[in-house]
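Written below as structure tokens is the structure these notes are about.
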Amino acid sequence: MPVEEFVAGWISGALGLVLGHPFDTVKVRLQTQTTYRGIVDCMVKTYRHESLLGFFKGMSFPIASIAVVNSVLFGVYSNALLALTATSHQERRAQPPSYTHVFIAGCTGGFLQAYCLAPFDLIKVRLQNQTEPRAKLGSPPPRYRGPVHCAASIFQAEGPRGLFRGAWALTLRDTPTMGIYFVTYEWLCRQSTPDGQNPSSATVLVAGGFAGLTSWVTATPLDVIKSRMQMAGLKQRVYRGLLDCMVSSARQEGLGVFFRGLTINSARAFPVNAVTFLSYEYLLHSWG
Ligand SMILES: CN(C)C(=N)NCCC[C@H](N)C(=O)O
């Protein structure tokens, strides 16, 4: 099993993650809190109360976990394609796989990475939603003192299953949308690259950006549900399951609730995934 895809997936994912985390924090807050009037209001309030650091809350665990998560995504994707088409990454330009195979490989990568991602994503979302400024003398401390404390508190209160809160919604979000992600990327690369050649850096940037954009646009409704289920338990609102969360969110806030955070998510998805794919292709190319 070629391991370069796993390593390239890890490094490229880490670069994209740092670039996109401030946007991600604003998105999560808009999806789970009703106190903000919109993106600008959320940004201004975050900056005023928590300074620039507020935008980077919850980033350390994703950075630590991206090695596992992104290398599983890209490594499983590439190795699933190898199993389906018997072509390595280098051979795929000369013998391009069918879009059905790309879709199946993408869905497989998405499905497996969702389970690795679930506990890290839960902790990220809980920390991003702590709007208290950094601990000051006399003011009550935030509920979680950091990622390890957050993980330990959830484990103590709810057991190991608690760490997988929202995992089902996350799996449903990621399985089909990762298929869409890789199909969009492949399709755009093939449209603008002569047969048998490698795509140019500009093509990879644009195709990667659009792959991120289309997959996140389709992922947003389940992303909202996933974030709400992850936050449930902390608030009074406890859902009986995914469907209950969908129905009660729509009843209380209208169908627009499923598109919360769509604009900021799209603005984030393009640069993050352009950088992710460019570094992934570059690393695999330079390792021959
Ligand atoms: C719709 N989904 C879940 C995705 N397209 N995920 C893959 C992109 C991962 C990248 N680190 C990002 O956060 O955008």
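Taken together, the values in this text are just the output of simple stated rules run on the coordinates, not laboratory data. On a predicted model such as this, the values are computed, not experimentally measured, just so you know. Ideal geometry is used to build each Cβ from the backbone, glycine not excepted, and the neighbour counts take in all protein chains shown.
Springs between alpha-carbon atoms under 10 Å, Gaussian network over the chain: tell me which of T193, T25, T276 tops the mean-square fluctuations.
T193
If you consider only alpha-carbon coordinates, what radius of gyration and Dmax does the range 176-246 have, in Å?
Gyration radius and largest Cα-Cα distance of the range 176-246: 17.9, 57 Å.
A232's amide H: which non-local residues (gap 5+, or another chain) put their own amide H closer than 5 Å, with H modeled 1.01 Å from N in plane and none for Pro or chain starts?
So A232 has HN proximity to no qualifying residue.
Please compute P(r) over all alpha-carbon pairs of the range 42-157, binned at 10 Å starting from zero, and give each bin as a whole-number percent.
13, 30, 23, 17, 13, 4, 0
For the range 90-209, what does the alpha-carbon gyration tensor say about shape, rounded, prolate or oblate, given a ≥ b ≥ c as the root eigenvalues, a/c under 1.5 as rounded, and a/b over b/c as prolate?
Taking the square roots of the gyration eigenvalues as a ≥ b ≥ c, the range 90-209 is prolate.
Quick one: dipole size for the chain, taken about the Cα centre, charges +1 on Lys/Arg Cβ and -1 on Asp/Glu Cβ, in debye to the nearest 20.
1340
With every atom except the alpha carbons ignored, what do you get for Rg and Dmax of the chain, in angstroms?
19.4, 66
Averaging the inverse of every distinct alpha carbon separation and then flipping it gives the Kirkwood radius. What is it for the range 162-216, in angstrom units?
Averaging 1/r across every pair of different Cα atoms and inverting gives 12.4 Å.
Hydropathy first: keep DSSP H helices in the chain averaging at least 1.6 on Kyte-Doolittle, then drop any whose Cα extent along the axis falls short of 20 Å, and list what survives.
none
Could you calculate the FRET efficiency of T35 with S88 from 1/(1 + (r/R0)^6), where r is the beta carbon distance between them and R0 is 45 Å, rounded to 0.05?
0.30
Expressed in nm², what is the orientationally averaged projection area of the convex hull enclosing the Cα positions of the range 202-277?
About 5.5 nm², averaged over all directions.
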